[in-house]
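Here is the structure we will look at, set down as structure tokens.
The values are calculated or read from the model by the stated rules, or taken from the named source; none is laboratory data. Everything numeric here is computed off the predicted structure, so don't read it as measured data. Here Cβ is always computed from backbone atoms with ideal geometry, including for glycine, and neighbour counts include all displayed protein chains. What goes into the accessible areas is simple: the full protein's heavy atoms, side chains included, and nothing from ligands, DNA or RNA. Shrake-Rupley method; radii C 1.70, N 1.55, O 1.52, S 1.80 Å.
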Amino acid sequence: MNFLDNQAAPIRENRLGVGVAFGGTCREARRAASQGCLNQARRSFSQTHGCEFTLSLAITSTFRNAVIVMHGPIGCGSCVIASAGGAKGYRRLRDPAAEGLIWLNTNLGENDVVGGGEDKLARAILHADRKFRPEIIVVPVSCVPALVGDDVDTLLHGLQAEVGAKLVPVHCPGFRSKVMATAYDDVYHGLLKTLVRKNDDQSNEKILNDELQEMRRRYIAGRTVNILNVSSMARADELELERLLRVLDLRTRFLPCYSESLEFRESLESALNVSVCGTHDDYFLEHLKSLFGIPFMIDTIPIGPRNTGRWLLGVADRFGLSDRARRLIDAEETILEEAIVPYREFFQGKKAFLSGGEVRIVATAELLRYLGLEIVGFKGHHFDHFSEPAFEELPGLEGTVFLVGTQQPFEQVNLIQRLKPDVFVGHTGSNNISARQGIPILPLFGNSHAYMGYAGVFEVARNLRRVMLNGSFNHLLAEHCPLPYRKSWYEKDPFSYIVDH
Amino acid sequence: MNDFIDRPRFTCALGGALFTLRALKGVVPIIHAGSGCGYNLYLATNAGAGYLGGGCCGGAGWSSSNVLEEDIVFGGEDRLREQIKSTIDLMESELYVVVSGCSVEMIGDDIVSVAAEAAQKGYPVLAVPTPGFAGDSFTGYDLILAGLFKGYLAKGLAKRPEVVNLWGLVPGQDVFYKGNLREIKRLLSRLGIKANTFFGEGETLADLKEAGRAGLNLVLSDVYGQAAAKVFEETHGTPYLTLAPPVGALQSRAFLAAISEALGLGEDLVSRVVSEEEERYFDYLGRVADIYNDVDLQRYALVIGDANYAPAVTRFLADELGHIPALSMVTDQLGEEQRLRVAGRFQGFASGLAPAVRFDPHASSFRTYLQEIHPPDQNQRYYDGLGPAFMVGSVLERDLAAERGWPLMIMSFPATNRVVFQESRMGYDGGLNMAAELFSLLVSGR
């Protein structure tokens, strides 16, 4: 794969045939995806959800020693207000001296819609470079400059010599793709073009060719895996994955979230790139393979004991460490099982509905079933082949409802009304809506809760039991904070507004 | 010309419009824009306004046409027609208001005509163009109000002189808007005035429909709501009066006197109301006389806020609580005339103090101005430092406050580190709330 000669990454509906509108069963969704007939459908009623621009910030707003210069009208990217307050604390889990999030917006107005915003962007970048001296300046490009025709790449290329920071364009106008996750490709496209470079400083090589040093470097690189983290992971998740791989004598480096410039350069010193979630990083890993020859693994997400074991074995296998990994898995599963037994009684017979990224919800279903819950339905942001490995670890759910929709809470409430789950495990955004149906909610992810690996299973068990112990708050919401849909909607087919053209 | 901004404290016109609509009970907005506009603006304003929530629809529940590249190329009006129809089909509402984002306005979609088609069929649908490039949240507030004044309000109603409409507090951008409206309404009712606040407790859309009955529009801002009040005057013949938003007892007294003069109410009534309110007010404020004077709770004050809050709060801190305002920064994008008006509000403090005032939307500028007004310690033998002090501002001030060891009271957007319900910052109650919170910060280590 190499799309780097293009200005922007291809959109996912074209590259992967991703669908965002489908209602049926898990079996039907998988069949439709495998036959490539998912991505034509759309909705005649739709609700707002993240776009490429907003989601590109999920990754780029975590970079350390970086400033974001958002190129667009003043509202674009204002969503970072919601996360900026906590940004410093999460960065400091990586680097105790890290600073908080700094962003600028080029504040395009009526005049710029006519005349273009390149001058403003140039001045904003120069200001950001001089005022804050960052290592990286990320420039996400919104709808307006894309429609006006601002030539951001040429501008950044020209400015690069004048600034200390590396300039990273991210072409992510919100009208481009119906698949929000195209944002990840947009970010990686920019990173691949600017930050991920072989260290080509060979000036010292002839004088200081230290063979021992070189062997040491290769030795370390040969035992280092890059783990492609996602912004929805907690630091505790990273530490758990690091712990498990350390048992196999593998070193870990986490990219791209909460990374700084140096880590991107060093990322090529690695024996294997390991995906945590194919939805996030296939574009990056395919490119790293074709450009630099680094092999990669995209399989399941290490959530739930079976998925974690499968993920670990997948990594270990590449290093010929399968036997050691199996022993590790056996030991971990034994201890975990002992810890979980007391929780099973509590969860037995309870029904759960899952909502969020397709790979993550299917893997989390495996975790919940392990705890003794029954899975009554899914709502996935989109659908493609990346959930297949997680589905393989989840037999017996072929007939379970699977709704494909990014947010779209109107369909969610209809399904919840029918399926009557005891708990809702969901992505931020639509949780408040099903909270008003009176159900206890566990967030599908969070920066302060652990979900991954074996430790994650136990943490989810603890937290899930806790939220189910007292649902009074949401019960009251259901009584007093009504939802806006007509009563007749709940009697209609939840998929009525999905149309095929 | 509006330039780039380092960490802006507002969103765009669409954001201001959406949260103004969110504050109106009985309205369902329909967003004609890309998928991300509504959700992005919901995330920003929910958290920034002290966790205001997405209202009846819920942020992710806002109806949105989610236009894509093909709509941009071929026009998005058909998609909007379909979305209006399906929204009415699904969601019950007294009024549906179509608002637009940048992309559809750039390609020339005529949302007003498309909405008019639905209205002709008898559906309560109205459209107001609100592209983000038209301005910031405050502009969006004015745009949506002007749209409602022109398109929704009943025309030709007989005026009732005792009815006043209240404007100028922007829902969401004013984190305490609902509490403030309640308190202002309470004060006006004490003068026998029926105030419509539209976004406050217990207000209905019917009140908005009949807003043309008011004898006066009262705009509690030198900036926000001004453009809309002009449109109101043109459309419904109602004059408007601009008064500073009152914070605390002294400003409330001046406010009540001014409104009473404008409406020709008796002086006795105002005097009685003021003296009753002040008796209650100073009974509370007097409680801290002991601790204030026993441990010296006077401080230097650093204030960062919008055109409404920065001058009013600076004056309150100086003239009522007896602090020394050192530097105040107004963070809005203002035209020259607006800037002069707001600058005037920092003059004539009863305490005789005149703080340094700067107009600047950049978050990082405050440090620069601090150095200007108070040169840093040059390691001289005796240095008159800027302390003890406290800051009043937003969560964006937290790092600086922590560095200097200054307590920070959260007053302005974004306020992601606190939850705001019914609390006010204006009127007598608002002054007491603010004084209690500020003094609580100063005694928090005791």
What Kirkwood radius, in Å to one decimal, follows from the Cα pairs of the protein assembly as shown? 29.6
Short version: ³J(HN,Hα) in whole Hz for each residue of region B:437-446, in order, from phi by Karplus 6.51 cos²θ - 1.76 cosθ + 1.60 (θ = phi - 60°), x for Gly and Pro, what are they? 5, 5, 5, 4, 4, 6, 9, 5, x, 8
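Take the Cα atoms of region B:160-278, build their convex hull, and give its volume per residue in Å³.
Convex hull volume per residue, Cα atoms: 97 Å³.
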Cβ-based net charge around residue A:457, under 13 Å, with every Lys or Arg adding one and every Asp or Glu removing one: -3
How high is the relative contact order of chain A, in percent, with contacts defined as C-alpha pairs under 8 Å that are six or more residues apart? 18
Would you mind getting me the FRET efficiency between residue A:480 and residue B:324? Use the beta-carbon distance for r and R0 = 56 Å, nearest 0.05. 0.75
Show the residues, 5+ positions off or on another chain, whose built amide H is closer than 5 Å to the amide H of residue A:166. A:136, A:137
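Compute, for chain B, the length of the dipole vector about the Cα centre, with Cβ point charges of +1 (Lys, Arg) and -1 (Asp, Glu) only. Units Debye, rounded to 20.
Working: 38 positive and 54 negative charges, 124 e Å.
It works out to roughly 600 debye.
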Inside 10 Å of the C-beta atoms of A:93-103, what's the mean count of C-beta atoms belonging to other chains? 1
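Treat chain A as a sphere of radius equal to its Kirkwood radius over Cα pairs and apply Stokes-Einstein at 10 °C in a medium of 1.306 mPa s; give the translational diffusion coefficient in µm²/s, rounded to a whole number.
66
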What order do you get for A:155-161, B:180-186, A:131-137 when each peptide is scored by the mean count of other beta carbon atoms within 10 Å, highest first? B:180-186, A:131-137, A:155-161
Ratio to report: Rg/Rh of region A:31-84, with Cα atoms as the point set and Rh obtained by the Kirkwood method; give two decimals. 1.15
Report the per residue volume, in Å³, of the convex hull enclosing the C-alpha atoms of region A:314-443. 118
In terms of Cα to Cα distance under 16 Å, which aspartates and glutamates are near enough to residue A:88, apart from those fewer than 8 places away along the same chain? A:99, A:260, B:397, B:399, B:403
Helix-only mean residue ellipticity at 222 nm, chain B, DSSP H runs n ≥ 4 weighted -39,500 (n - 2.57), per residue, nearest 500. What is it? -13500 deg cm²/dmol
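In what sequence, highest mean first, do A:320-328, B:120-128, A:276-284 appear when ranked by Cβ atoms within 10 angstrom?
A:276-284, B:120-128, A:320-328
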Heavy-atom accessible surface buried between A and B, both sides counted, 1.4 angstrom probe, nearest 100 Å², is 5200
Need one number: the % of Cα-Cα pairs in region A:1-148 sitting beyond the 17 Å mark. 71
I need the P(r) histogram for region B:13-151: all alpha carbon pairs, bin width 10 Å from 0 out to the longest distance, whole percents. 13, 48, 35, 4, 0
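If you restrict to DSSP beta bridges whose two residues both lie in the protein assembly as shown, what percentage is antiparallel, to the nearest 5?
The antiparallel proportion sits near 15 percent.
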Per-residue mean of C-beta atoms belonging to partner chains within 10 Å, peptide B:398-405: 1
So what's chain B giving for Cα Rg divided by 2.2 N^0.38 Å, two decimals? 1.02
In region B:276-321, what percent of the accessible surface is made up of carbon and sulfur (1.4 Å probe, ligands and nucleic acids excluded)? 42
Which whole-angstrom value gives the distance between the alpha carbon centres of region A:41-111 and region B:199-274? 38
Specify which residue in the list B:380, B:329, B:304 is farthest towards the positive end of the charge dipole of region B:297-415, using unit charges on the beta carbon of Lys, Arg (+1) and Asp, Glu (-1), about the Cα centre. B:380
Computed, not fitted: 222 nm per-residue ellipticity of chain A from DSSP H runs ≥ 4 (each -39500 (n - 2.57)), nearest 500, equal to -14000 deg cm²/dmol
Roughly how far apart, in whole Å, are the Cα centres of region B:28-48 and region A:259-283? 32
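Treating only the Cβ atoms of Lys and Arg (+1) and Asp and Glu (-1) as charged, compute the dipole magnitude of the protein assembly as shown about its Cα centre; round to the nearest 20 debye.
Using only the charged Cβ atoms, the result is roughly 1420 debye.
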Tally Lys and Arg at +1 and Asp and Glu at -1 over the other residues with C-beta under 10 Å from the C-beta of residue B:88: what net charge comes out? +1
Return the average number of partner chain Cβ atoms within 10 angstrom of each residue Cβ along peptide B:414-421. 2
How large is Rg/Rh for region A:265-370, to two decimals, with Cα atoms and a Kirkwood Rh? 1.06
Can you figure out the FRET efficiency of residue B:350 with residue B:269, using R₀ = 35 Å and their beta-carbon distance, to the nearest 0.05? 0.90
For region A:444-501, with every protein chain kept in place, what is the accessible area per residue (1.4 Å probe, Å²)? 54
Would you kindly give the portion of the calculated P(r) for region A:378-501 that falls above 26 Å, as a percent of all Cα pairs? 27
Where labels lie 7 Å past Cα in the beta-carbon direction, separation of residue B:206 and residue B:78 in nm: 4.2
For the cross-link pairs A:492/B:150; A:420/B:25; B:155/B:178; B:150/B:185; A:379/A:487; B:121/B:155, which exceed 32 Å when the distance is taken from alpha carbon to alpha carbon? A:492/B:150
For region B:257-383, the spread of Cα positions along each principal axis, largest first, Å: 58, 45, 22
Dipole of region B:297-415, Cα-centred, from +1 at each Lys and Arg C-beta and -1 at each Asp and Glu C-beta, to the nearest 20 debye? 160
